[in-house]
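Let me begin by presenting the structure, written as structure tokens, before commenting on it.
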Amino acid sequence: MHQAKRIGILTSGGDCPGLNAIIRAVIKCATHKGWEVFGIPYGTQGFINLELGHCTPEDLRLKEHGYDVPGLLGGLDILQFLSGSILGALNKGNPSDPAIAQEILQGFQRLNLDALIAIGGDGSLDIIDDLAQKGQWRWVAIPKTIDNDVPFTEISLGFDTAINTVTRSLYDLTFTAASHDRIMVVQVMGRDAGHLALHSGIAGGADVILIPELTPCLNPSVIDQVCRQIAVLRQGGRRFALVVIAEGVRRPDGLKVASICDFLAQQIQVQSQTLCSSGNPKFCSLQEVDSRAIILGHIQRSGVPTAFDRLLAARFGREAVDLISQHHYNRLVVWENGEVASKPLTEVIPKIKDCHREKKCPDPVDPQGGLVQTAKELGIYVGTS
């Protein structure tokens with residue numbers, strides 16, 4: 001019923017939970033149609049390796065289970081439970097370098113693919129689209145990123161698991177904060193988007209959530225309001241607090257630093273002492289503020305994918321295979337109104353490119369959105385736009 005096809009699949013950019021679940025879904029759905037599937041190792045770098053003779057097309061052929069577990073568990077299908085990517089993920093291979101682009105295009109030709117499925121974030125999709133234009137590739141894109149900043153899709157693969165990972169970390173940090181009367185300043189990933197900080201901060205019981213869409217930089221007013229929020233908590237009998245800050249928030253001078261949480265933790269102690277010395281009784285509780293900075297780091301990219309991310313991977317993988325089966329190429333698989341759909345890349349890529357040129361986030365948090373309003377109504381300080 002289906003014409004046999006040779007398709008390739010690659011993961012590009014940073015890893016996230018659920019990538020292996022998508023690979024599994026694509027393999028199963030494509031194999032069911034009698035297609036051949038080839039896994040490209042380390043993103044577009046795999047095409048270069050082919051061109052240089054470091055591997056052969058046969059080396060890249062994927063079996064129905066992706067790979068087999070030896071011993072009594074032989075053939076056990078566990079891909080959907082594994083984090084990371086069995087194919088590896090790199091964002092190298094920028095087509096702006098003609099020599100690199102040519103090697104990638106020649107490697108692609110060696111595989112003689114009918115279509116390619118590329119799983120990546122906005123940066124990877126931008127790069128791969130340039131290559132696809134040069135090589136006239138037929139391809140389908142799947143959005144993945146814990147930053148959740150790919151436009152036209154309500155959620156990207158890996159975001160739900162990252163929310164759960166950060167929320168669990170905030171839960172654990174709450175008890176050590178309470179035990180020592182400390183202010184925990186927790187920095188989470190997200191690049192220039194605050195989705196991860198906002199979602200996990202609300203779910204994790206944060207008292208302060210600072211995201212670049214509302215607080216582009218830590219100006220004196222914001223730091224003062226954070227300290228006043230802590231004072232209100234202490235007046236009510238709670239001597240600890242949880243502050244969540246997205247990595248995209250900058251210093252007062254507009255400089256982006258690797259450890260913005262360290263800067264904020266230091267400023268909280270300085271401003272607390274300033275308020276305390278003002279003589280106002282409501283700030284007396286800030287006399288011995290002890291703040292600590294924590295960068296959660298790459299643990300946010302790991303962990304067993306949540307059930308939702310596994311289901312999303314299955315739906316995204318199946319949709320990508322179906323689009324190829326129907327000869328609907330150059331499309332982005334998306335999640336829209338609780339259902340899987342797709343958008344033409346001719347709409348998606350120009351928006352991504354425009355945002356990259358302007359150094360803006362392709363899909364930021366809506367400052368007037370329901371989640372921001374919910375945080376405010378819960379008494380969480382979220383900064384000022």
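The values are calculated or read from the model by the stated rules, or taken from the named source; none is laboratory data. In this text, all values refer to a predicted model and were calculated from it rather than measured experimentally. Here the Cβ positions follow ideal geometry from the backbone for every residue, glycine too, while neighbour counts run over all protein chains shown. For the accessible areas, the whole protein counts, side chains as well, though only heavy atoms, and no ligand, DNA or RNA atoms are used. Shrake-Rupley method; radii C 1.70, N 1.55, O 1.52, S 1.80 Å.
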Accessible area of segment 173-282 belonging to carbon and sulfur atoms, whole % at 1.4 Å probe: 52 percent
From the coordinates shown, Rg and Dmax of the Cα atoms in Å corresponds to which of (1) 23.4, 81; (2) 24.3, 97; (3) 20.7, 64: (1)
Three-way shape call for segment 217-256 based on the alpha-carbon gyration tensor, with the a/c threshold at 1.5: oblate
Could you give each residue of segment 162-176 its phi-based ³J(HN,Hα) in whole Hz, using Karplus coefficients 6.51, -1.76, 1.60 with θ = phi - 60°, and x for Gly or Pro? 4, 4, 5, 5, 5, 4, 5, 5, 5, 4, 5, 5, 4, 6, 6
Measuring from centroid to centroid over Cα atoms, what is the spacing of segment 200-274 and segment 5-23 in Å? 37 Å
Burial-style ranking of 301-311, 113-123, average other-beta-carbon count within 10 Å with highest first, yields 113-123, 301-311
In degrees from 0 to 90, rounded to the nearest 10, what is the angle of the helix 122-135 Cα long axis to the longest principal axis of the chain? 20 degrees
For Ile117, list long-range residues whose amide hydrogen, built 1.01 Å from N in the peptide plane, is under 5 Å from its own amide hydrogen. Gly8, Ile9, Leu10, Val140
Which of the trypsin sites (Lys or Arg not before Pro) found in segment 315-385 are loop residues per DSSP with 16 or fewer other Cβ atoms within 10 Å of their Cβ? Lys359, Lys360
Note on segment 191-237: alpha-carbon gyration tensor, axes a ≥ b ≥ c; rule is a/c under 1.5 for rounded, else prolate if a/b larger than b/c, else oblate; result oblate
What accessible area per residue comes out for the chain, rounded to a whole number of Å², with a 1.4 Å probe? 43 Å²
Using the Cα gyration tensor of segment 6-48, with a ≥ b ≥ c the square roots of its eigenvalues, what is the shape: rounded (a/c below 1.5), prolate (a/b larger than b/c) or oblate (neither)? oblate
Over the chain, with a Gaussian network built from C-alpha contacts below 10 Å, which listed residue (Gly88, Gly369, Gly201) shows the highest mean-square fluctuation? Gly369
Only sites in a loop by DSSP and with at most 16 other Cβ atoms within 10 Å count here; which GluC sites (Glu not before Pro) in segment 277-385 make the cut? Glu288, Glu358
